[in-house]
Structure formats: C-alpha cells, structure tokens
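*Asks:* This is the structure, below, for whatever I ask next.
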Amino acid sequence: MQIIIPWAAGGATDLIFRALGATTGKYLGKAVVVVNRPGGAGAVGYTEAMKAQPDGYTLASGITPLAILPHNVKTAFTYKDFEPVINVVSDPGMFLMRSDAPWKSLKEFLDYAKKNPDMITVGNSGAGGGVHLIALAFEKAAGVKFNHIPFAGGGPSVTAFSVAM
C-alpha cells in the first residue's frame, strides 16, 4: 500500500502521514510506503494518485490545493475524482518569527508592515496552499503586503527559516 504526498519530504503533511503509515502498517500486516511527489502546487502528486488503480492500495493526502488548484490552472483532476476516507488532522495556521525580531507585539509588527510593504518575507509550502492562503487573508484583513516566497513544501520552508536564524 502507498500514500502519495504531493509535497516535499519533511513538512507537516509528510510527517503526519508517515506516522499514520507506520501505525496502520502494523494493523494491516503489510508495509505502508509514503511516496513524496512534489511539484506544481500538488498537481504532480494528485495526478499520479488519480491515475492509480482504484483498488484501495493507493491513497493520497487531500489538503487545500486539491480543491483550489483546479480553479486556478488546468489540471487532470478535481476533488471529485477522489473519495474521502478519513479526516486525519484539523490544523490551525500561525505565523512564526525569530525570537530576536524587533517587534514585541502584534501591533508593532503590523505598524512596521504597513509602513514597509513587501519588506517582510513570508515563506509558505507552495503557492495556493493553505499557508499561502492564510497569509493572503491576513494581509487583506490587516491592510499589509508581504513578500511571499513559495517552497516545494513545508519541510523546505521550515529549513529555510531555520537557516535564516
């Protein structure tokens, strides 16, 4: 059995499904292999999952871009091509910043962001993904503009954040 993750290894989706696969494999009596297929804001992995035999041996992690991507670009799939099996995670979004950042409150952060559009860099797990959409909604609500940097997944964005520290 395989679980296709349409993101790079090391992000939240990858880690969650690796843990799920390890646990599920014990109960199924067979290995559950996590296969990362990053690219195209999830399109590469979802296309591969859609083309798999509908025999129950290939699963895919369905997250925000599965529903949104087909509205933005032409894809070989829509969310209707998949059958939901289980809701694994309810995941809140949040911003993290360096502990030595010059802002000590949300107000200080927003005041700076309003006076300096595009000067605050925000990494995300890919354009059109949940983290990107949350940041865009936050921008609109707060009246600020960030410099968005898309990565191939959450893992690479966290790594870049760590290196910048």
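The values are calculated or read from the model by the stated rules, or taken from the named source; none is laboratory data. Remember, it's a predicted structure, so these values are computed and weren't measured experimentally. Cβ placement follows ideal geometry from the backbone for every residue including glycine, while neighbour counts extend to all protein chains displayed. Each accessible area value is taken on the protein alone, full model and side chains, heavy atoms only, with ligands, DNA and RNA left out. Shrake-Rupley method; radii C 1.70, N 1.55, O 1.52, S 1.80 Å.
*Asks:* Along Cα→Cβ, 7 Å out, is where each label goes; now give me the distance between the ones at GLU83 and ASP55 in nm to one decimal.
*Replies:* 1.6 nm
*Asks:* Could you pull out the chymotrypsin sites (Phe, Trp or Tyr not before Pro) across the stretch 43-141 that fall in loop regions by DSSP (anything but H, G, I, E, B) with no more than 16 other Cβ atoms inside 10 Å?
*Replies:* Sparse-neighbourhood loop chymotrypsin sites (Phe, Trp or Tyr not before Pro): TYR57, PHE82, PHE95, TRP103.
*Asks:* Right, another one. Just how many % of Cα pairs in the chain lie over 26 Å apart, if you round to the nearest whole percent?
*Replies:* 35 percent
*Asks:* Loop only by DSSP, 13 or fewer other Cβ within 10 Å of the Cβ. Give me the trypsin sites (Lys or Arg not before Pro) in the stretch 4-42 that pass, ordered by residue number.
*Replies:* Within the stretch 4-42, the qualifying trypsin sites (Lys or Arg not before Pro) (loop, at most 13 other Cβ atoms within 10 Å) are LYS30.
*Asks:* So what J values fall out for the stretch 25-40 if you push phi through Karplus, 6.51 cos²θ - 1.76 cosθ + 1.60 with θ = phi - 60°, rounded to Hz, Gly and Pro as x?
*Replies:* x, 4, 7, 7, x, 8, 5, 10, 9, 8, 10, 8, 10, x, x, x
*Asks:* Taking amide H positions as placed in the peptide plane 1.01 Å from N, state which residues far from THR58 in sequence (5 or more) or on other chains have amide H under 5 Å from it.
*Replies:* GLN2
*Asks:* Keeping every protein chain present and rolling a 1.4 Å probe, give me the accessible area per residue for the stretch 1-89 in Å².
*Replies:* I get 60 Å² per residue for the stretch 1-89.
*Asks:* Given the options GLY56, GLY39, GLY123, which has the most mean-square fluctuation in a GNM of the chain, springs set between C-alpha atoms less than 10 angstrom apart?
*Replies:* GLY56
*Asks:* Return the carbon/sulfur percentage of the accessible area of the chain, one whole number, probe 1.4 Å, all protein chains in place.
*Replies:* 61 percent
*Asks:* With +1 on the Cβ of every Lys and Arg and -1 on the Cβ of every Asp and Glu, and nothing else charged, how large is the dipole of the chain about its Cα centre, in debye rounded to the nearest 20?
*Replies:* 120 debye
*Asks:* Dipole of the chain (Lys/Arg Cβ +1, Asp/Glu Cβ -1, origin at the Cα centre): which of ALA60, PRO150, GLY21 lies farthest to the positive side?
*Replies:* PRO150
*Asks:* Using a 10 angstrom cutoff on alpha carbons, build the Gaussian network for the chain and name the most mobile of GLY129, GLY153, GLY29.
*Replies:* In the Gaussian network model the winner is GLY29.
*Asks:* May I ask for the Rg/Rh ratio of the stretch 79-156, computed from Cα atoms with Rh as the Kirkwood radius, given to two decimals?
*Replies:* Rounded to two decimals, Rg/Rh equals 1.06.
*Asks:* Treating only the Cβ of Lys, Arg, Asp and Glu as charged (+1, +1, -1, -1), what charge dipole size does the stretch 72-165 show about its Cα centre? Round to the nearest 20 debye.
*Replies:* For the stretch 72-165, the charge dipole is close to 280 debye.
*Asks:* Also, I was wondering about something else. Work through the residues other than GLY21 whose Cβ is under 14 Å from its Cβ and net out their charges, Lys, Arg +1 and Asp, Glu -1.
*Replies:* It works out to a net charge of +2.
*Asks:* What list of ³J(HN,Hα) couplings, whole Hz, do you get for the stretch 46-63 from phi and the Karplus terms 6.51, -1.76, 1.60, once you set θ to phi - 60° and write x for glycine and proline?
*Replies:* Going residue by residue, I get 5, 5, 4, 5, 5, 7, 5, 4, x, 9, x, 9, 10, 10, 9, 7, x, 10 Hz, with x marking Gly and Pro.
*Asks:* Net charge near PRO54, counting Lys/Arg +1 and Asp/Glu -1 over other residues with Cβ under 15 Å of its Cβ?
*Replies:* With Lys, Arg at +1 and Asp, Glu at -1, the net is -2.
*Asks:* Right, here's the next one. I need the fraction of alpha carbon pairs in the stretch 124-165 separated by more than 17 Å, rounded to a whole percent.
*Replies:* 33 percent
*Asks:* In whole Hz, what ³J(HN,Hα) sequence does the stretch 117-133 give by Karplus (6.51, -1.76, 1.60; θ = phi - 60°), x for Gly and Pro?
*Replies:* Result, ordered by residue: x, 6, 8, 9, 8, 10, x, 9, 8, x, 4, x, x, x, 5, 5, 5 Hz.
*Asks:* Separate question: Amide H neighbours of GLY10 under 5 Å, counting only residues 5+ apart in sequence or on other chains, H built in-plane at 1.01 Å?
*Replies:* LEU15
*Asks:* Cα-based Rg of the stretch 22-96 per 2.2 N^0.38 Å, rounded to two decimals?
*Replies:* That ratio works out to 1.23.
*Asks:* Taking amide H positions as placed in the peptide plane 1.01 Å from N, state which residues far from PHE146 in sequence (5 or more) or on other chains have amide H under 5 Å from it.
*Replies:* ASP118
*Asks:* While we're on this one: Mind listing which trypsin sites (Lys or Arg not before Pro) in the stretch 46-101 are in a DSSP loop and have 12 or fewer other Cβ atoms within 10 Å?
*Replies:* Of the trypsin sites (Lys or Arg not before Pro), the ones in loops of the stretch 46-101 whose Cβ has at most 12 other Cβ atoms within 10 Å are LYS74, ARG98.
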